[in-house]
1. Restricting to the range 38-60, name every residue that is within 20 Å of the chain's Cα centre (by Cα) and either within 20 Å of Ile96 (Cβ to Cβ) or acidic (Asp, Glu) (or both).
2. Can you give me the number of residues within the range 26-76 that are assigned to a strand (DSSP E or B) and either closer than 22 Å to Arg118 by Cα or among the hydroxyl-bearing types (Ser, Thr, Tyr) (or both)?
3. Got a sec? Which of Val110, Val89 is surrounded by 14 or more Cβ atoms within 10 Å (Cβ to Cβ) and closer than 22 Å to Val4 by Cβ?
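Nothing in this text is a laboratory measurement; each read-out follows from the coordinates by a stated rule. This structure is a prediction, so every number in the text was calculated from the model and none was measured. In this analysis, Cβ positions are derived from the backbone assuming ideal geometry, glycine residues included, and neighbour counts consider all displayed protein chains.
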Amino acid sequence: MGRVKLKNMVFYGYHGVVEQEKVLGGKYEVDIEFEFDMTSAIKTDHLRDTISYEEIYQLVQDIVTHSKFHLIEALAGKLLRVIFNTYPVDLVLVRIRKPNAPVKGVLDTVEVEISRTREEMRKLL
């Protein structure tokens, strides 16, 4: 088993409850971590025997920039479902940060983190 991490991918999206967020959009920072059996990739050194992090990046970019959700929890759930449905992963962790969240106060970011195993996802679907 091994883990791949894509850290601090930054996209512009239109997610939120406040009307301004839906119209003007905002920056979203996304981390994805996934575990899978890397035995073949280690032996062969071929891209076909691994999960392409470029493909994962493109998938995340497409979902964050083209979908619209009220909650970043729902956005994280969509990322989990699509990754599990597309790739032979055993565990996925999604972290989404929302800088400049509309909060009456001073804070750096709001962050949601969701982690699921394939077995946990089966129970949810």
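1. Hits for the range 38-60 are Tyr53, Glu54, Glu55, Ile56, Tyr57, Gln58, Leu59, Val60.
2. Going through the range 26-76 one residue at a time, the tally reaches 8.
3. Of the residues listed, the single one that is surrounded by 14 or more Cβ atoms within 10 Å (Cβ to Cβ) and closer than 22 Å to Val4 by Cβ is Val89.
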